[in-house]
Amino acid sequence: MLDSIPYFSYIISAFIGIGLAAATGFRVFLPMFIVSLASYVNWIPMNEHFEWLAGLPTLITTGIATVAEILAYYIPFIDHLLDTVSIPMATVAGSILFASQFTELGTFPQWALALIAGGGTAATISSGFAGIRAASTATTGGLGNSVVGTTETAGAGLMSVLAMAAPVIAAIFAVITLILVIVFGRKAWKKLRGSKNAPHDG
(Lines give C-alpha, C1' and ligand atoms only; values in the text may rest on other atoms or scores of the structure.)
Protein backbone atom coordinates (compact mmCIF):
# COMPACT_ATOMS: atom_id res chain seq x y z
CA MET A 1 0.00 0.00 0.00
CA LEU A 2 2.81 2.38 0.89
CA ASP A 3 4.42 1.73 -2.48
CA SER A 4 1.43 3.46 -4.11
CA ILE A 5 2.37 6.75 -2.45
CA PRO A 6 3.93 9.09 -5.05
CA TYR A 7 7.75 9.22 -4.79
CA PHE A 8 7.63 6.87 -1.78
CA SER A 9 11.03 5.36 -2.64
CA TYR A 10 12.58 8.84 -2.74
CA ILE A 11 11.02 9.74 0.62
CA ILE A 12 12.46 6.60 2.25
CA SER A 13 15.82 7.25 0.58
CA ALA A 14 15.78 10.77 2.02
CA PHE A 15 15.05 9.41 5.51
CA ILE A 16 17.90 6.89 5.23
CA GLY A 17 20.24 9.55 3.82
CA ILE A 18 19.45 12.06 6.57
CA GLY A 19 19.92 9.39 9.24
CA LEU A 20 23.31 8.35 7.85
CA ALA A 21 24.41 11.97 7.38
CA ALA A 22 23.48 12.75 10.98
CA ALA A 23 25.52 9.74 12.09
CA THR A 24 28.62 11.08 10.34
CA GLY A 25 28.15 14.31 12.28
CA PHE A 26 28.84 12.29 15.43
CA ARG A 27 31.69 10.19 14.01
CA VAL A 28 33.08 10.32 10.48
CA PHE A 29 34.18 6.73 9.91
CA LEU A 30 31.88 4.59 12.09
CA PRO A 31 28.77 5.15 9.90
CA MET A 32 30.79 4.45 6.74
CA PHE A 33 32.12 1.25 8.33
CA ILE A 34 28.61 0.12 9.32
CA VAL A 35 27.24 0.83 5.83
CA SER A 36 30.23 -0.90 4.25
CA LEU A 37 29.78 -3.95 6.51
CA ALA A 38 26.03 -4.10 5.89
CA SER A 39 26.62 -3.92 2.12
CA TYR A 40 29.49 -6.42 2.22
CA VAL A 41 27.36 -9.10 3.88
CA ASN A 42 24.37 -8.21 1.65
CA TRP A 43 22.20 -6.84 4.46
CA ILE A 44 21.48 -3.78 2.32
CA PRO A 45 21.73 -3.40 -1.48
CA MET A 46 24.31 -1.03 -2.93
CA ASN A 47 23.93 0.66 -6.30
CA GLU A 48 26.64 -0.06 -8.88
CA HIS A 49 27.87 3.55 -8.65
CA PHE A 50 28.71 2.96 -4.98
CA GLU A 51 29.89 -0.66 -5.16
CA TRP A 52 33.24 0.46 -3.76
CA LEU A 53 31.48 1.03 -0.42
CA ALA A 54 30.66 -2.70 -0.28
CA GLY A 55 34.19 -3.79 -1.16
CA LEU A 56 36.62 -5.48 1.23
CA PRO A 57 39.28 -2.72 0.90
CA THR A 58 36.74 -0.08 2.01
CA LEU A 59 35.53 -2.31 4.84
CA ILE A 60 39.07 -2.83 6.17
CA THR A 61 40.08 0.81 5.72
CA THR A 62 36.98 2.25 7.40
CA GLY A 63 37.26 -0.37 10.17
CA ILE A 64 40.82 0.67 11.03
CA ALA A 65 39.92 4.36 10.72
CA THR A 66 36.91 3.86 13.01
CA VAL A 67 38.98 2.31 15.81
CA ALA A 68 41.65 5.01 15.46
CA GLU A 69 39.07 7.82 15.46
CA ILE A 70 37.20 6.50 18.52
CA LEU A 71 40.41 6.02 20.54
CA ALA A 72 41.87 9.39 19.47
CA TYR A 73 38.90 11.26 20.95
CA TYR A 74 39.91 10.01 24.41
CA ILE A 75 43.35 11.62 24.13
CA PRO A 76 43.53 15.23 25.41
CA PHE A 77 44.64 17.81 22.84
CA ILE A 78 44.35 15.23 20.02
CA ASP A 79 40.56 15.44 20.31
CA HIS A 80 40.71 19.18 19.59
CA LEU A 81 43.01 18.63 16.62
CA LEU A 82 40.48 16.17 15.26
CA ASP A 83 37.68 18.71 15.75
CA THR A 84 39.46 21.10 13.36
CA VAL A 85 39.28 18.55 10.53
CA SER A 86 36.15 16.63 11.54
CA ILE A 87 33.71 19.24 10.22
CA PRO A 88 34.92 19.19 6.57
CA MET A 89 35.43 15.41 6.75
CA ALA A 90 31.93 14.90 8.16
CA THR A 91 30.55 17.12 5.37
CA VAL A 92 32.19 14.92 2.73
CA ALA A 93 31.19 11.64 4.42
CA GLY A 94 27.63 12.81 5.00
CA SER A 95 27.32 13.90 1.37
CA ILE A 96 28.64 10.55 0.09
CA LEU A 97 26.32 8.44 2.25
CA PHE A 98 23.33 10.65 1.38
CA ALA A 99 24.17 10.52 -2.34
CA SER A 100 24.41 6.72 -2.23
CA GLN A 101 20.66 6.64 -1.59
CA PHE A 102 19.77 8.79 -4.62
CA THR A 103 21.56 7.18 -7.56
CA GLU A 104 18.36 7.23 -9.67
CA LEU A 105 18.53 11.02 -9.86
CA GLY A 106 20.75 12.82 -12.33
CA THR A 107 24.31 13.48 -11.24
CA PHE A 108 23.87 17.20 -10.55
CA PRO A 109 20.61 17.01 -8.51
CA GLN A 110 21.95 13.94 -6.69
CA TRP A 111 25.11 15.67 -5.46
CA ALA A 112 23.49 19.08 -4.98
CA LEU A 113 20.89 17.51 -2.69
CA ALA A 114 23.58 15.41 -0.99
CA LEU A 115 25.77 18.42 -0.26
CA ILE A 116 22.91 20.58 1.03
CA ALA A 117 20.95 18.00 3.03
CA GLY A 118 23.57 15.38 3.81
CA GLY A 119 26.65 17.56 4.11
CA GLY A 120 24.74 20.33 5.87
CA THR A 121 23.29 17.96 8.46
CA ALA A 122 26.66 16.35 9.16
CA ALA A 123 28.52 19.67 9.36
CA THR A 124 25.96 21.19 11.73
CA ILE A 125 26.09 18.27 14.17
CA SER A 126 29.89 18.02 13.95
CA SER A 127 30.42 21.74 14.60
CA GLY A 128 27.91 21.67 17.46
CA PHE A 129 29.77 18.88 19.23
CA ALA A 130 33.08 20.64 18.60
CA GLY A 131 31.67 23.63 20.51
CA ILE A 132 30.35 21.42 23.30
CA ARG A 133 33.75 19.71 23.61
CA ALA A 134 35.58 23.07 23.66
CA ALA A 135 33.25 24.32 26.39
CA SER A 136 33.75 21.07 28.29
CA THR A 137 37.51 21.58 28.17
CA ALA A 138 37.17 25.16 29.39
CA THR A 139 34.83 24.31 32.26
CA THR A 140 36.04 20.85 33.36
CA GLY A 141 39.69 20.97 32.32
CA GLY A 142 38.99 18.21 29.82
CA LEU A 143 37.58 15.77 32.38
CA GLY A 144 34.16 15.87 30.75
CA ASN A 145 35.48 15.28 27.23
CA SER A 146 35.36 11.50 27.56
CA VAL A 147 31.62 11.75 28.25
CA VAL A 148 31.16 13.86 25.11
CA GLY A 149 33.29 11.43 23.10
CA THR A 150 31.36 8.38 24.32
CA THR A 151 28.05 10.11 23.53
CA GLU A 152 29.24 10.85 19.99
CA THR A 153 30.34 7.25 19.37
CA ALA A 154 27.08 5.84 20.73
CA GLY A 155 25.08 8.35 18.67
CA ALA A 156 26.94 7.46 15.48
CA GLY A 157 26.34 3.73 15.97
CA LEU A 158 22.69 4.14 16.93
CA MET A 159 21.86 6.53 14.08
CA SER A 160 23.62 4.32 11.50
CA VAL A 161 21.69 1.20 12.49
CA LEU A 162 18.39 3.10 12.78
CA ALA A 163 18.87 4.68 9.35
CA MET A 164 18.96 1.23 7.76
CA ALA A 165 16.47 -0.57 10.05
CA ALA A 166 13.93 2.18 10.81
CA PRO A 167 14.51 5.14 8.44
CA VAL A 168 11.50 7.18 9.62
CA ILE A 169 12.56 6.97 13.28
CA ALA A 170 16.14 7.77 12.27
CA ALA A 171 15.00 10.89 10.39
CA ILE A 172 12.96 12.06 13.40
CA PHE A 173 15.95 11.49 15.70
CA ALA A 174 18.16 13.36 13.21
CA VAL A 175 15.89 16.42 13.30
CA ILE A 176 15.71 16.33 17.12
CA THR A 177 19.51 15.96 17.30
CA LEU A 178 19.98 18.90 14.93
CA ILE A 179 17.78 21.12 17.08
CA LEU A 180 19.49 20.08 20.34
CA VAL A 181 22.98 20.43 18.89
CA ILE A 182 22.22 23.87 17.44
CA VAL A 183 20.79 25.08 20.77
CA PHE A 184 23.47 23.62 23.06
CA GLY A 185 26.27 24.09 20.55
CA ARG A 186 25.53 27.82 20.22
CA LYS A 187 25.38 28.16 24.00
CA ALA A 188 28.72 26.36 24.28
CA TRP A 189 30.41 28.58 21.69
CA LYS A 190 29.00 31.73 23.39
CA LYS A 191 30.21 30.54 26.80
CA LEU A 192 33.63 29.78 25.33
CA ARG A 193 33.88 33.21 23.69
CA GLY A 194 32.73 34.84 26.93
CA SER A 195 35.41 33.07 28.95
CA LYS A 196 38.09 34.09 26.44
CA ASN A 197 36.99 37.69 26.42
CA ALA A 198 36.67 37.92 30.19
CA PRO A 199 39.43 40.08 31.78
CA HIS A 200 42.05 38.06 33.65
CA ASP A 201 43.17 39.12 37.10
CA GLY A 202 46.78 40.07 37.57
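The table below gives the values:
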{"read-out": "Potential extension, Ile176-His49 segment - 0.36 nm per residue separation minus Cα distance", "value": "42.6 nm"}
{"read-out": "For peptides 38-48, 162-172, 84-94, 117-127, sequence by mean Cβ density within 10 Å, most packed first", "value": "117-127, 84-94, 162-172, 38-48"}
{"read-out": "Surface per residue (accessible, 1.4 Å probe) for the chain, Å²", "value": "53"}
{"read-out": "With every protein chain in place, the chain: carbon and sulfur % of accessible area (1.4 Å)", "value": "73"}
{"read-out": "Computed [θ] at 222 nm, deg cm²/dmol, the chain (DSSP H ≥ 4; -39,500 (n - 2.57); rounded to nearest 500)", "value": "-25500 deg cm²/dmol"}
{"read-out": "Ala112 versus Ala165: modelled label distance in nm, points set 7 Å from Cα along the beta carbon direction", "value": "3.7"}
{"read-out": "Degrees separating the helix 78-99 axis from the principal Cα axis of the chain, which is the longest one", "value": "20"}
{"read-out": "Rounded to 10°, Cα long-axis angle of helix 145-165 versus longest principal axis of the chain", "value": "10"}
{"read-out": "Computed label-point distance, nm, for sites Ala154 and Phe77 using a 7 Å Cα→Cβ extension", "value": "2.9"}
{"read-out": "Length released on extending from Lys187 to Thr84, taking residue separation times 0.36 nm less the Cα-Cα span", "value": "35.2 nm"}
{"read-out": "The chain: most fluctuating residue of Phe15, Phe108, Phe77 per GNM, C-alpha cutoff 10 Å", "value": "Phe108"}
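The values are calculated or read from the model by the stated rules, or taken from the named source; none is laboratory data. Everything numeric in this text was worked out from a predicted model, so none of it was measured. In this analysis, Cβ positions are derived from the backbone assuming ideal geometry, glycine residues included, and neighbour counts consider all displayed protein chains. These accessible areas exclude ligands, DNA and RNA; they are computed on the full protein's heavy atoms, side chains included. Shrake-Rupley method; radii C 1.70, N 1.55, O 1.52, S 1.80 Å.
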